[in-house]
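Before any comments, here is the structure.
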Amino acid sequence: RFYISISLSFLLCYLPFTLYVLSLSLSLFFHPRIFSFFFFLMIRRPPRSTLSSSSAASDVYKRQYQRRVRETAVQTMSFALIRKMVDNGISSTDDATIQVDLQVTSTCHLEAAMAKIQAEIDTRREESDQSLIKLDDLLQHVGLEIEADGPVPLALEHLELYHAWLERVEVAPGARLKEDDSKDNTELGPDLHERVLDLKAKVEGKLKAHPLAALPRSGDQPGQDGSAYFKVTAGRRRQMLVMTYCNLFTGPSIVIATLLLLWLYLPYSNYLLAAYIAWVSYDNMSRKIPTYNRISQSWRNSRFYQLFRDYFPIRLLKADRSTEFDPAHNYLFCYHPHGVQSAGAFSFASNATGFDETFPGLQASVQTLGINFKIPATRENLIALGVGDASKACLTYALAHKPGSSVVLVTGGAAESMYAHPGNSKVVLKERVGFVKVACRAGAKLVPVWGFGENNLYENLAVKSQTLRKWQRRVQRVLSFAPLIVAGRGVFSYSGGLIPHRRPITIVVGAPIDCGPAEQEPSQERIDRVHAEYKAAVFKLFNRFKDIYDPKAEPVSYTHL
């Protein structure tokens, strides 16, 4: 029995699984002690030469062996992963730690995790580099603006915009920008954190030294109450007086009321009124628009429009000061967004914002609705400023008048005015290509212009009502302008009126886009190419300066309605 049990126990290490149960039973029957010894020996380490694909012991051993191999590989790759994270400045205690949502149960899963982490590291590094490049660009811009001695002094409100932006900037101490990314051994530029602090100190110094810093301001400014109206200076009251005339909601009403009083109490007023109506009708039919020989330079440079500029205030600047505008060419300045009244676009008509000094040799004609030329007294004001009626004939004539003759056009028109609301950045540009055709036919260059803060002057009460929107569109198709339902401020109050709020407008002019030589019938392919290039330029211009001049604005979007 002893020898039989030994023989059967040895068979347990060599027989396949089909005879395993039989050998185990016989060995236990003949001699239990010998069975126990050889059974323990078989389970502990079976010979490798006996492992076959159909053996149960073979499967167990293979799994144990593969698990040990994986554990060794995981330890090696985990060390390489930690080494890579440390080399990239990422640690387990760092706020920027990368978390990978993967269940690492094999070397393949760990390799996928390492690839994901490396991709995330590269993405964050690229985003960090881009953010530092943008920060460096904006710091240079603000530094030039506060130090430049331009035709118009820097307003207190714009200094506050710069200071608020510098307060929001978050940059780690020691952050630097490579001066040349094409080389490996590049020298780093100055510390951006120190530059932010230095620039902030300069802006604060400018704020304290500003002549209007210690004077009372109107109550529609943050932190002011309604009683501030009785404390404001006479200069701000004069600004309000000018705004009541220039405002489209109140100006025409004041003019009509004045003429009505003159008609009632002035002798021979019926004859004077008839003569004026006859003259206006004849003049509108016979003269070319814009009427360059009736532009008054003294009126363009008058104190009247300087008060209009300082009411908001409005500031005009180039996106890049080095950009040159050749006076031998013609330019079509396309202004966005429309806003309620396009106050920023209207400022191009005068020289209050320093247009003549910023763009020497250019003569801009702002375009407006033709119905404004039928309002008494208002039409004389527009003619003296060289304003046009936004018709195709007017645009063609203005762009071909002489070298340097340019046009300022609000391309969104009345349809875009219905989107005017604080923070809204939607412009009607998706399918609007008429201005591109005009530029290609005249051989003019397109210039993207964005008025940051234009939509912040009024609250649009119909912005969320689809029923009112439909009604406004129907009226706009008939009258060529949209009847807006808005709320601004009043002359003696700071809410609920029709006067625009005192909020800064910053007009940033981008680089001109060459449309090619003049062509009477440009191809659709050319129009689409220039239109796509122009939309990309507007998008880039908005994103570049939005953080400074309108931080609460939504991302720009294009629509066709």
inquiry  = Using a 7 Å offset from the Cα along the Cα-to-Cβ direction at both LYS116 and SER391, what is the distance between the two label points in nm, to one decimal?
reply    = 6.5
query = How would HIS163, HIS141 line up by accessible area, probe 1.4 Å, largest first?
reply = HIS163, HIS141
query = Going down the table (LYS134/LYS208; LYS206/LYS546; LYS206/LYS540; LYS134/LYS392), which pairs top 32 Å between alpha carbons?
reply = LYS134/LYS392
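Can you give the relative contact order of segment 479-561 as a percent, counting alpha carbon pairs under 8 Å and 6+ residues apart?
Reported relative contact order: 14 percent.
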task = Determine the gain in length on full extension of the stretch ILE371-ASP198; use 0.36 nm per residue of separation and subtract their C-alpha separation, reporting nm with one decimal.
result = 57.1 nm
query = In nm, to one decimal, how far is the modelled label at LEU272 from the one at LYS134, with both set 7 Å along Cα→Cβ?
reply = 6.0
ask   = Using alpha-carbon positions, what is the distance between the centroids of segment 308-347 and segment 354-429, in Å?
value = 11
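May I ask which of LYS430/LYS464; LYS288/LYS374; LYS374/LYS470; LYS437/LYS535 have a Cα-Cα span longer than 19 Å here? It would help to have the intermediate numbers written out before the result.
Numbers: LYS430/LYS464 21 Å; LYS288/LYS374 15 Å; LYS374/LYS470 27 Å; LYS437/LYS535 15 Å.
Long pairs (Cα-Cα over 19 Å): LYS430/LYS464; LYS374/LYS470.
So if each residue of separation counts as 0.36 nm, and I subtract the Cα-Cα distance between GLU170 and LEU262, what length gain in nm does that give? Present the calculation step by step, with values, prior to reporting the outcome.
On the way: separation 92, 0.36 × 92 = 33.12 nm, distance 6.15 nm.
Length gained, GLU170 through LEU262: 27.0 nm.
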query = Where in segment 313-335 does the amide nitrogen come within less than 20 Å of the point 7 Å from the Cα of LYS402, taken along Cα to Cβ?
reply = 325-333
query = How big is the charge dipole of segment 315-449 about its Cα centre, in debye rounded to the nearest 20, if each Lys and Arg gets +1 on its Cβ and each Asp and Glu gets -1 on its Cβ?
reply = 340
remark   = Measuring from its Cα centre, segment 421-537 shows a charge dipole (+1 at each Lys and Arg Cβ, -1 at each Asp and Glu Cβ) which, in debye to the nearest 20, is 560
request  = Would you mind calculating the gained length between ALA213 and SER523 on full extension (0.36 nm times residue separation, minus the Cα-Cα distance), in nm to one decimal?
outcome  = 106.1 nm
ask   = What is the set of long-range amide H partners of HIS336 at a cut-off below 5 Å, with H atoms built 1.01 Å from backbone N?
value = VAL449, TRP450, GLY451
key: Which of GLY453, PRO422, GLY434, positive extreme of dipole for segment 402-561 (C-beta unit charges)   = PRO422
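Report Rg/Rh for segment 395-488, rounded to two decimals, where Rg is the Cα radius of gyration and Rh the Kirkwood radius.
Numbers: Rg = 15.7 Å, Rh = 15.1 Å.
Over the Cα atoms of segment 395-488, Rg/Rh equals 1.04.
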Within segment 357-378: backbone nitrogen closer than 17 Å to the MET285 label point (7 Å, Cα to C-beta) = 374
key: Inter-probe distance in nm under a simple model that places probes 7 Å from Cα toward Cβ, at SER557 and ARG294   = 4.4
query = With every protein chain present, what accessible area does ASP137 have (1.4 Å probe, heavy atoms only), rounded to the nearest 10 Å²?
reply = 50
query = By per-residue mean of other Cβ atoms within 10 Å, what is the highest-first order of 439-452, 276-289, 546-559, 395-408?
reply = 439-452, 395-408, 546-559, 276-289
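Express the carbon and sulfur contribution to the solvent-accessible surface of segment 384-467 as a percent, rounded to the nearest whole number, probe 1.4 angstrom.
Details: 1370 of 2630 Å².
Carbon and sulfur atoms account for 52 percent of the accessible area of segment 384-467.
The values are calculated or read from the model by the stated rules, or taken from the named source; none is laboratory data. Predicted model only: the values in this text are computed from it and were never measured. Using ideal geometry, Cβ is built from the backbone for each residue, glycine included, and neighbour counts are taken over all protein chains shown. For the accessible areas, the whole protein counts, side chains as well, though only heavy atoms, and no ligand, DNA or RNA atoms are used. Shrake-Rupley method; radii C 1.70, N 1.55, O 1.52, S 1.80 Å.
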